[in-house]
1. Tell me whether the stretch 82-90 contains one or more residues that are under 14 Å from V13 (Cα atoms) and loosely packed, with under 12 Cβ neighbours inside 10 Å.
2. Only one of (1) modelled with pLDDT of 85 or more; (2) in contact with an Asp or Glu (Cβ under 7 Å, 6 or more places away or on another chain); (3) over 23 Å from E15 (Cα atoms) is not met by F38, so which one is it?
3. Criterion first (in contact (Cβ under 8 Å) with a residue 12 or more places away in the chain and among the basic types (K, R)) does K19 satisfy it?
4. Name, by its number, the condition in (1) in contact with a Phe, Trp or Tyr (Cβ under 8 Å, 6 or more places away or on another chain); (2) surrounded by fewer than 15 Cβ atoms within 10 Å (Cβ to Cβ); (3) not aromatic (F, W, Y) that does not hold for R33.
Amino acid sequence: MRGESTREAEERVQEAYEKMYQVYKGWGQPGERYDLGFDDLKKERLIVGNPDEVMEQVMEYHCEFGVEFMNFTAHWPGMDPNGKLETIRQFGERVIPEVKRATRGTGYRDGENPPNPPLRMGA
């Protein structure tokens, strides 16, 4: 995500992501398919593109599933480490403010804290 096209963003992550997925294959997670190519893998596993496209993809999760919090990986082994900081910077400067504007008043925004989940002893 450096103001680039979707294809450029995908090309930056594809090789490293495919290698990482082969590591996951070695873990043998039941029910997971490991014969998928990058185009299939990215459909439900990656948010990738220029900042506007990333914002749209984040909003799709929010609108469809009510997602309030997400974790992101900006780097996999084998990727150019210089791009990691730029991706994080652009995400913070261009994606997060737009997502905040689009979701204002829909959940835990603007300083509100989520409720604490109940503690379960011995679980």
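1. Taking every residue of the stretch 82-90 in turn, at least one turns out to be under 14 Å from V13 (Cα atoms) and loosely packed, with under 12 Cβ neighbours inside 10 Å.
2. Of (1) modelled with pLDDT of 85 or more; (2) in contact with an Asp or Glu (Cβ under 7 Å, 6 or more places away or on another chain); (3) over 23 Å from E15 (Cα atoms), only one is false for F38: (3).
3. Judged against the criteria, K19 is a match.
4. Against the list (1) in contact with a Phe, Trp or Tyr (Cβ under 8 Å, 6 or more places away or on another chain); (2) surrounded by fewer than 15 Cβ atoms within 10 Å (Cβ to Cβ); (3) not aromatic (F, W, Y), R33 comes up short only on (1).
The values are calculated or read from the model by the stated rules, or taken from the named source; none is laboratory data. Since we're looking at a predicted model, the values are computed, not measured. Reconstructed Cβ throughout: ideal geometry from the backbone, glycine too, with neighbour counts over all protein chains shown.
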